[in-house]
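The values are calculated or read from the model by the stated rules, or taken from the named source; none is laboratory data. Given the structure is predicted, the values throughout are model-derived calculations rather than measurements. All Cβ positions, glycine included, derive from the backbone under ideal geometry; neighbour counts span all protein chains shown.
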Amino acid sequence: MIQNTEKFPKPDFGNKRVLVVGGAGFVGSNLVHRVLEDNPREIVVVDNLLSADVSNVPNGPRVRFVASTVTDDLVLGDLPTDLDYAFHLACYHGNQSSIADPIADHDNNNITSLKLFERLKDIRSLRKVVYAAAGCAVAKKTKDEPAATSEDAPVDLFHDSPYSISKLVGEMYGNYYFRRHKMPFAKARFQNVYGPREILGAGRWRGTPHTVWRNVTPTFIFKALHKEALPLINGGEDGRDFIYVGDLVEGLTRIAAYGEPGEAYNLASGRETRIRDLAALINKLTGNPTPPDIAPPRDWDNSGRRYGDPTKSMNNLGFLARTQIEEGLRQTIDWTRSHLEVIRRCMAHHADRVPEVKNYVA
Ligand SMILES: NC(=O)c1ccc[n+]([C@@H]2O[C@H](COP(=O)([O-])OP(=O)(O)OC[C@H]3O[C@@H](n4cnc5c(N)ncnc54)[C@H](O)[C@@H]3O)[C@@H](O)[C@H]2O)c1
């Protein structure tokens, strides 16, 4: 596939006023750094640091950081009334946390979307409100050879976690505000994002050791750098579509620039990688000689194998995930090596609850 750069030039946020809710987080902070390259008038970052570390937020005269929940009426009331773009990336991270505390998920996932959209509907200068939706919430659950999930695939009403439900509810609230109030709402359906600025242990305790370990890629990289066995849940049989955060952020900017209000767009590499192959690649790139450990399947997880169909985003946004997984992993490994201090500092906050953390932070 060839990227159509004439029809879809690189989006430019020069002199624009941009809101990033959840902008201290992994994806949000990468987006903030990207938008800053264009010299925007202002970026307003709203983040309560629930699953983020403040070191991800760049300093500078163009960044206004509001360290608060976006559900605070004062914060919502103070938002600029001349915003050009809003990106809603806040969530209660992630599946396991939401299973441990569905009410906290509701407070930091559903209510964030509802209150934010209720406020944004009145800001008429907005050209686009881009919502971080989840490809996992709409993918068919299968252990067999998967088919690519397209944007119009049917959605199951049975879900493995409150997080998954909340991600869909966010889409539905946005659709409502689009239809009823003409809020220019578009959905970015992420596959599994990996890359720099995903800080293990960032933020407050969220009920399970996944507060520390977050996702498979940063966990594997951190353990491989410590020459440890990578835990292959279900033998590493499951498969995911891994997309590098630099590509994903480009997709978000393209949805802001070219996305049709009311529409959903997959941000996907379009390729499935089995978890056992991810582990082997990370062990190779880090020189980890320790063979993986086989771990049992997770009792809540029925997701199996999946990947996203990138065709619509290619045709309608000129979006292509260019970074091959080996190159993306190299960059993530380099970033992890050079940020071990901040990672260990964030992990250390949870050492009393996750004893194995003491091995790394002592
Ligand atoms: N990373 C992935 O693979 C992936 C896949 C699918 C969807 N998503 C979605 O993308 C978005 C970003 O994910 P991420 O991986 O960067 O996670 P993240 O945890 O790093 O980012 C979420 C951010 O939201 C903030 N937040 C939580 N509650 C808030 C509140 N009430 N008010 C303000 N801020 C709040 C957190 O502190 C954090 O900075 C999320 O909405 C997530 O559901 C991510």
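Residue pairs whose Cβ atoms lie under 8 Å apart, sitting 6 or more positions apart in sequence or on different chains, and linking a residue in segment 195-213 that is under 13 Å from Asp101 (Cα atoms) and at pLDDT 95 or above to a partner that is within 9 Å of the ligand (Cβ to nearest atom) and of a type outside the set (Gly, Ala, Ser), are Arg206/Leu50; Arg206/Tyr92; Arg206/His93; Thr211/Arg204.
Condition first: touching a Ser or Thr at 6+ places or on another chain (Cβ under 8 Å) and β-branched (Val, Ile, Thr). Now tell me which residues in segment 57-94 satisfy that. The answer is Val57, Thr69, Val70, Thr71, Val75, Thr81. For segment 39-57, a residue qualifies if it is buried (at least 20 other Cβ atoms within 10 Å of the Cβ), near the ligand (Cβ under 10 Å from one of its atoms) and not in a strand (DSSP E or B), and the qualifying residues are Asp47, Asn48, Leu50, Ser51, Ala52, Asp53, Asn56, Val57. Write out, first by first residue and then by second, each pair whose Cβ atoms fall under 7 Å of each other, whose residues are 6+ apart or on separate chains, and whose first residue, in segment 16-36, is on the phi < 0 side of the Ramachandran plot and within 13 Å of the ligand (Cβ to nearest atom) while the second is part of a helix (DSSP H, G or I) and among the basic types (Lys, Arg). Every condition considered, no pair remains. Filtered by the rule that a residue be within 13 Å of the ligand (Cβ to nearest atom) and out of contact with any strand residue (DSSP E or B) (no Cβ under 6 Å at 6 or more places or on another chain), segment 76-102 gives Leu76, Leu79, Cys91, Tyr92, His93, Gly94, Asn95, Gln96, Ser97, Ser98, Asp101.
The numbered conditions (1) surrounded by fewer than 17 Cβ atoms within 10 Å (Cβ to Cβ); (2) out of contact with any Phe, Trp or Tyr (no Cβ under 9 Å at 6 or more places or on another chain); (3) of a type outside the set (A, V, I, L, M, F, W, C) are all true for Arg322 except (2). Of the residues making up segment 284-326, those that are without any contact (Cβ under 8 Å) to a residue 60 or more places away in the chain, out of contact with any helix residue (DSSP H, G or I) (no Cβ under 7 Å at 6 or more places or on another chain) and more than 18 Å from Glu151 (Cα to Cα) are Lys284, Gly287, Asp299, Gln324.
Scanning segment 58-75 for residues that are polar (S, T, N, Q), within 12 Å of the ligand (Cβ to nearest atom) and farther than 22 Å from Ser98 by Cβ yields nothing. Scanning segment 58-70 for residues that are in a strand (DSSP E or B) and either touching a residue at least 24 places away in the same chain (Cβ under 8 Å) or among the β-branched types (Val, Ile, Thr) (or both) yields Val63, Phe65, Val66.
With respect to Tyr163, is the statement that it is touching a Leu at 6+ places or on another chain (Cβ under 6 Å) and either assigned to a loop (DSSP other than H, G, I, E, B) or at negative phi (or both) true? No.
From the list Phe26, Phe65, the one residue that fits, being under 21 Å from Ala202 (Cα atoms), more than 18 Å from the chain's Cα centre (by Cα) and aromatic (Phe, Trp, Tyr), is Phe65. From the residues in segment 135-150 that are over 23 Å from Cys91 (Cα atoms) and among the hydrophobic types (A, V, I, L, M, F, W, C), which one is surrounded by the most Cβ atoms within 10 Å (Cβ to Cβ)? Per the stated criteria, the residue is Ala148. Could you look through segment 103-134, keep only residues that are within 13 Å of the ligand (Cβ to nearest atom), crowded, with 23+ Cβ neighbours inside 10 Å and among the β-branched types (Val, Ile, Thr), and pick out the one that is farthest from Asn48 (Cα to Cα)? Applying the filter and picking the extreme gives Val130. Only one of the numbered conditions (1) surrounded by fewer than 22 Cβ atoms within 10 Å (Cβ to Cβ); (2) in a helix (DSSP H, G or I); (3) within 16 Å of the ligand (Cβ to nearest atom) is violated by Leu252, and that is (1). Looking at Ser98, is it buried (at least 21 other Cβ atoms within 10 Å of the Cβ), under 25 Å from Glu341 (Cα atoms) and among the hydroxyl-bearing types (Ser, Thr, Tyr)? Against the criterion (buried (at least 21 other Cβ atoms within 10 Å of the Cβ), under 25 Å from Glu341 (Cα atoms) and among the hydroxyl-bearing types (Ser, Thr, Tyr)), Ser98 does not qualify. Applying the criterion of being among the acidic types (Asp, Glu) and modelled with pLDDT of 95 or more to the residues of segment 229-254, the residue that is nearest to Lys143 (Cα to Cα) is Asp241. Scanning segment 228-243 for residues being part of a strand (DSSP E or B) and within 14 Å of the ligand (Cβ to nearest atom) gives a total of 3. From the list Thr332, Thr290, the one residue that fits, being crowded, with 18+ Cβ neighbours inside 10 Å and either within 20 Å of the chain's Cα centre (by Cα) or outside any helix (DSSP H, G or I) (or both), is Thr332. Checking each residue in segment 71-111 for being in a helix (DSSP H, G or I), under 27 Å from Gly251 (Cα atoms) and hydrophobic (A, V, I, L, M, F, W, C) picks out Leu76, Ile111.
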